[in-house]
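Heads up: the structure comes next, in C-alpha cells.
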Amino acid sequence: MPGHMGAERDRTGDAMGATDARDNGAGGSTGNAGETDAARVARRDEAVRAAVGQGLLGADAPIVALLDVAGIRGSAAALRAAFDAVVAPGTPVLHAFAVKATPLVPVLRLLGEAGIGAEVASPGELALAQAAGVAPERTVLDSPAKTPAELREALALGIAVNADNPQELDRIDALVRSAPSGSPVGIRVNPQVGGGSIDALSTATATSKFGVALRDEGAREWILRAYADRPWLTRLHAHSGSQGMPLSLMARGIAETYALAEEINRHVGRRQIDTIDIGGGLPVNFGSDATTPTYARYARLLAESVPGLFDGRYGLVTEFGRSLLAKHGTVVARVEYAKSAGGRAVAVTHAGVQVATRTVYAPASWPLRITAYDAKGHPKAGPEVVQDVAGPACFAGDLLAVGRALPLLEQGDHVAALDTGAYYFAHHYAYNSLARPGIYGFATGGVGGGAGGSGVRFAVVREPQAVEEIVMESGGGHASALSAL
Ligand SMILES: *Cc1c(COP(=O)(O)O)cnc(C)c1O
C-alpha cells in the first residue's frame, strides 16, 4: 500500500467515496460522502496555504500541526446520528471520546460541546477531561493498572469505572464499603474473539492483557458470581479492537458481550446490568481521503448482528478515539534540504519520529499519505519522482515515507503528513530533544474569502515548545544534582 499510495494523490477522494457513498456524511443529513470528504480536502489545502501566508509556518517555525474544527464537529455529529438512527427512542447513549487518541484540552472541550464525553485511562487523562469541563457523569475510567488512589478519586467524583480484573474488583469492594459512591461500575471482559492485522493494537486475543478473559476456564462462572454478589455492579464493558480489526470481528466481540449481559441478568433474576459499554476501535482509512468505514455503517452492522443491544433495554456507552480525530489533523513541515543519495532523491524535513513515532518505527503497519506543497503552501504540481521523505532525527530510519512517488521536493517546499489527528502529533516523542510543534485549530470561510488563505482563522491549541522548557523538562533545575552525590 505505501508504494502506490503516494502515486495517487487522491485530492478528491472521489474514486473511493463512490463505492461507499451512502455511508458518508453525517448520517445522511449533510449530503453524500464524497462531498464531505472533498470539502475537507479543500479546507486542508486552504489551511496549509494560510499557515504559510500568515507566518505560522516558516524558516523559524519549520513544523506545525493543524486541526480542522469543522471536520471534528462533523465527525462528532456523524457519530451521534449513526447511533441515534439505530437505537430505540429514549435509549441513553454516552459517546465517550478515548482521550488517549488526542489528549488536548481544547479538543476535549470542542467535543464536549458537540455532546461527546471522555474515556480516560490515567490520572493525566482524567485531569485533561476535567480541565476541559467534561462532567463526571460523562466520564468513564478504564485502564489496566488503576491505583487505589485513582479508584478512590473516581468513585468519589461519581465517574463510571470499569474494573479490569478480580484484584481490582476487590479494591473497589473495599472502597464502596467505606464510602458509598454514585459511580456506575462494570467489569471489562475480553471476549477473546481474536486479533486484527496489528498485534500491538489487538485487545481481544486469547492472551490480551485487558479485562477478564471470558473463555478461560472458570471465568464465566466467576463473572456470574461477581454480579450476583454485588447488586451495584450494573455495567459490562468490552473494547475488542482498534486499527486493523475487521468490523465483523468487532461485532462478534460485542455480540458475545451482549450475550453475557443477558446471561448475567437471567442468572440474577433481574435487569441488574443496565448499560453495555461497547468500547471504540473503529478503524481509519489511511489510504485515501474517503471516510470509510463510517459510523453509520458500523452502527447498522451492529444493529443487524446484535439487535437486542438496541431495543431500549440497555443504555449504551461507546469509546471511539482514532475515528473521531484522525482525518482532521495534518502535520506540515518545511523541506530544509533536498538531496540525493545512491540515486535516490531525499527530502530532509522537520517532521519525523517526534510526531509520527509509530509510522517511523513500524512503517508497514502505519503508512501515512504525504502531500507536497510549494514554498507558498500551494499544492505542488509536476511529474512524480520516487523519493524518500525524511525527518530531522539523527538515526537512519527516521523516514516518514520511503520510495514515495511525489512531485520532486525542493528546498523551501513543504510536506504534509495526512490523517495525523489521532496518535501522532499529540503524542510527542522527545528524541534528539526535538521541540513539540505548535498545534493550531483552523476555520475557513471567514472574511477575505480565502484569497491567499486570508479567510482562514487559526487558534492556538498548544504553543510550540520553547527550548527553555526542554531544558527544564530535562533536569535543567537540577544541573548539579549528580555532582553533589
Ligand atoms: C484505546 C481505547 C479506545 C479507543 O480506541 P480507538 O481505536 O482510538 O477508537 C477505547 N477504549 C479503550 C478501553 C481503549 O483502550
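The values are calculated or read from the model by the stated rules, or taken from the named source; none is laboratory data. A quick note: this is a predicted structure, and the numbers were derived from the prediction, not measured. Heads up, the Cβs are rebuilt from the backbone with ideal geometry, glycines too, and the neighbour counts pull from every protein chain shown. Heads up: the accessible areas ignore ligands, DNA and RNA and are worked out on the full protein's heavy atoms, side chains in. Shrake-Rupley method; radii C 1.70, N 1.55, O 1.52, S 1.80 Å.
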Flag if residue 231 is over 23 Å from the mean Cα position of the chain (by Cα), at pLDDT 95 or above and either hydroxyl-bearing (Ser, Thr, Tyr) or over 25 Å from residue 79 (Cα atoms) (or both): yes
Residue in the stretch 342-349 that is outside any strand (DSSP E or B) and either surrounded by fewer than 21 Cβ atoms within 10 Å (Cβ to Cβ) or not hydroxyl-bearing (Ser, Thr, Tyr) (or both) present: yes
Cβ pairs under 9 Å, 6+ apart, first in the stretch 318-330 and open to solvent by 10 Å² or more (accessible area, probe 1.4 Å), second near the ligand (Cβ under 8 Å from one of its atoms) and assigned to a helix (DSSP H, G or I): 322/101; 323/101
Criterion violated by residue 145 - all others in (1) farther than 26 Å from residue 465 by Cα; (2) in contact (Cβ under 8 Å) with a residue 40 or more places away in the chain satisfied: (2)
Subset tally (residues that are away from the ligand (no atom under 16 Å from the Cβ) and closer than 27 Å to residue 108 by Cα) for the stretch 311-325: 2
Filter pass, residue 439 being touching a Leu at 6+ places or on another chain (Cβ under 9 Å), surrounded by fewer than 20 Cβ atoms within 10 Å (Cβ to Cβ), closer than 29 Å to residue 100 by Cβ and not charged (D, E, K, R): no
Filter result for the condition that a residue is in a loop (DSSP other than H, G, I, E, B), aliphatic (A, V, I, L, M) and at pLDDT below 95, over 26, 15: 26
Criterion violated by residue 365 - all others in (1) out of contact with any Gly (no Cβ under 8 Å at 6 or more places or on another chain); (2) in contact (Cβ under 8 Å) with a residue 12 or more places away in the chain; (3) on the phi < 0 side of the Ramachandran plot satisfied: (1)
Pairs, first on the phi > 0 side of the Ramachandran plot in the stretch 380-398, second open to solvent by less than 50 Å² (accessible area, probe 1.4 Å) and of a type outside the set (A, V, I, L, M, F, W, C), C-beta under 9 Å, six or more apart: 382/407
Residue 252 away from the ligand (no atom under 16 Å from the Cβ), on the phi < 0 side of the Ramachandran plot, assigned to a helix (DSSP H, G or I) and free of Cβ contacts under 8 Å to residues at least 12 places away in the same chain: no
Exclusive hit being of a type in the set (A, V, I, L, M, F, W, C), open to solvent by less than 30 Å² (accessible area, probe 1.4 Å) and in contact (Cβ under 8 Å) with a residue 60 or more places away in the chain, set 160, 154, 129: 160
Which numbered condition residue 246 misses (of (1) in contact with a helix residue (DSSP H, G or I) (Cβ under 6 Å, 6 or more places away or on another chain); (2) at pLDDT below 95; (3) of a type outside the set (Lys, Arg)): (1)
Residue in the stretch 216-236 that is in contact with a helix residue (DSSP H, G or I) (Cβ under 8 Å, 6 or more places away or on another chain) and within 16 Å of the ligand (Cβ to nearest atom) present: yes
Qualifying residues in the stretch 326-348 (those that are among the small types (Gly, Ala, Ser) and more than 16 Å from the ligand (Cβ to nearest atom)) - the one nearest to residue 385 (Cα to Cα): 345
In the stretch 317-341, the residues that are out of contact with any strand residue (DSSP E or B) (no Cβ under 8 Å at 6 or more places or on another chain) and not in a helix (DSSP H, G or I): 341
Residue in the stretch 303-316 that is crowded, with 24+ Cβ neighbours inside 10 Å, part of a helix (DSSP H, G or I) and touching a residue at least 60 places away in the same chain (Cβ under 8 Å) present: no
Residue that is surrounded by the fewest Cβ atoms within 10 Å (Cβ to Cβ) [pool: residues in the stretch 270-300 that are more than 16 Å from the ligand (Cβ to nearest atom) and under 22 Å from residue 237 (Cβ atoms)]: 270
